[in-house]
1. Suppose we filter the stretch 289-313 for residues that are assigned to a strand (DSSP E or B), open to solvent by 30 Å² or more (accessible area, probe 1.4 Å) and more than 18 Å from Asn190 (Cα to Cα); how many remain?
2. Can Tyr229 be described as over 30 Å from Phe94 (Cβ atoms), of a type in the set (Ser, Thr, Tyr) and open to solvent by 60 Å² or more (accessible area, probe 1.4 Å)?
3. Select, from Ser125, Ser110, the only residue that is without any contact (Cβ under 8 Å) to a residue 24 or more places away in the chain and not in a helix (DSSP H, G or I).
4. List pairs: first residue in the stretch 31-53 and within 15 Å of Gln2 (Cα to Cα), second residue in a helix (DSSP H, G or I) and open to solvent by less than 60 Å² (accessible area, probe 1.4 Å) anywhere in the structure, Cβ distance under 8 angstrom, at least six positions apart or on different chains.
5. Any residue at all in the stretch 253-270 that is exposed (fewer than 13 other Cβ atoms within 10 Å of the Cβ) and hydrophobic (A, V, I, L, M, F, W, C)?
6. Could you grab me the full set of residues in the stretch 82-113 that are polar (S, T, N, Q) and crowded, with 21+ Cβ neighbours inside 10 Å?
7. Write out, first by first residue and then by second, each pair whose Cβ atoms fall under 6 Å of each other, whose residues are 6+ apart or on separate chains, and whose first residue, in the stretch 234-256, is farther than 30 Å from Lys307 by Cα and of a type in the set (Gly, Ala, Ser) while the second is at pLDDT below 90 and part of a loop (DSSP other than H, G, I, E, B).
8. Test Ile27 against the stated conditions and say whether it is in contact (Cβ under 8 Å) with a residue 40 or more places away in the chain, within 29 Å of Phe265 (Cα to Cα), touching a helix residue (DSSP H, G or I) at 6+ places or on another chain (Cβ under 7 Å) and surrounded by 14 or more Cβ atoms within 10 Å (Cβ to Cβ).
Amino acid sequence: MQDIRVYDFNLNLIHIENMISSVDWVIKFNDIGTFEAHFPLNAKIVPIVMKNDYLIISQGDNQAIVTGKSAISDFTVFGRTPNFILSKRVTPNFTKKTGTIEKISAGIVSDAFLDVENFVVKRVSGFTNEINFWRNVYNPTFKVISECLDREKAGHKVYFDFENKKWVYTAVKGRNTGIVFSKGKFNASNTSYYEDFQEYVNGGFYEVIDEETGESIWEEIASEKEGIYKWMGVLGGNTLSDARDSLKSRKWNKNIRFDIKDMKFNKDYFLGDRVKVKTEIGDFKRYDEKYISAVNIWYENANSGEKPVFADI
C-alpha cells in the first residue's frame, strides 16, 4: 500500500503516513468522488488531522480534500475528490453563451475563481461542436459546468500540481478505446448485474411560478417516446435546468460491475472511456456500449483491487 501524504491548502507537504489500516477511493467522471481511510489511533496522522483544518490527501495518483474525521475504535478520515471545491463557489445566472462545452465551462470556472491566485484553468483541444448554453438562476459552479459538459458526455477534473503549487481545472473527453470486457477475454470476473426501472420516466411536467402574477404555470419536457411507451411524471425543480436534472435522476438503471484482471486504471483505461461490455447470465449473452463513469479502488492489509463502474452512453 502506498503512503498517504498530507498537504495544506497552499500545497505544502506536512506529513507522510504509512501506518494505514484501509483505504477506499471512488473516483468519478464529471462528478465528485469520495475517499475514506482508517488508521490506528496511535498513528502519527491523528494529531496532524485533529490540529489542522483545510487539508489535502494524496495517495499515488489519487487526491482528495479532507471533509471529515471520526475517532471510535480507530481513526477515520473522509474526503471528496478535488473537484469538490467547485461546489463551494456560486455562478450567477447568465444569458446565452455560444461556444464549445470546453470553452464555456473553462470561462465559468475562471470567473468563479478569479480571486484565487494559484487556481488555474488548463485548456484542452478536441472539442469542436458549438452549443448555446444559459442559466436563469444562481447555481453552484459544479452543477453548472457538469451540466454543460454532460451535453456531450464529457467530464472534468480538478487536481493538485504539488510541484508548482497550483490547483488545476481541466475538461476531460472520453476515448473510443475498442476495449471489450468479458469473461471470454479473461479480463473480467465476479460479474454482478442489476436492473430497475420502477421510477423511470421519459418526459414530464414541472411547475413555474410567474414572477409578476404569482400564478402557477406547468411546463412540459416532451417525451421522445410515443403511445404506451410514453411514460410521464411530475418533475422536481422550478426551472428547466432543475427539471432536466429531475428527469435524468429517474432513468432506467442498468448496472453491471465486475472485477477486472491484468488492467490498471489510468494506465489501460481512464474515466470516460467508451468500451464494450459483454453481459452473460446463464444462456443470455449481450454486448453493450458503455462508458466508464467511476472506479472504486481499495487497499486493506495486503489486499488491493479496483472495480470500474459502467453507465449507458
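1. Qualifying residue count, the stretch 289-313: 5.
2. Spelling it out, Tyr229 is indeed over 30 Å from Phe94 (Cβ atoms), of a type in the set (Ser, Thr, Tyr) and open to solvent by 60 Å² or more (accessible area, probe 1.4 Å).
3. On inspection, the qualifying residue turns out to be Ser125.
4. Phe39/Ile45; Phe39/Val46
5. no
6. Those that are polar (S, T, N, Q) and crowded, with 21+ Cβ neighbours inside 10 Å: Asn83, Ser105.
7. That search, which allows pairs on different chains as well, returns Ala243/Gly237.
8. For Ile27, the condition - in contact (Cβ under 8 Å) with a residue 40 or more places away in the chain, within 29 Å of Phe265 (Cα to Cα), touching a helix residue (DSSP H, G or I) at 6+ places or on another chain (Cβ under 7 Å) and surrounded by 14 or more Cβ atoms within 10 Å (Cβ to Cβ) - is not met.
The values are calculated or read from the model by the stated rules, or taken from the named source; none is laboratory data. Remember, predicted model here, so these are calculated numbers, not experimental data. Note that each Cβ is placed from the backbone with ideal geometry, even for glycine, and that neighbours are counted across all protein chains shown. These area figures cover heavy atoms from the full protein model, side chains too; ligands, DNA and RNA do not enter into them. Shrake-Rupley method; radii C 1.70, N 1.55, O 1.52, S 1.80 Å.
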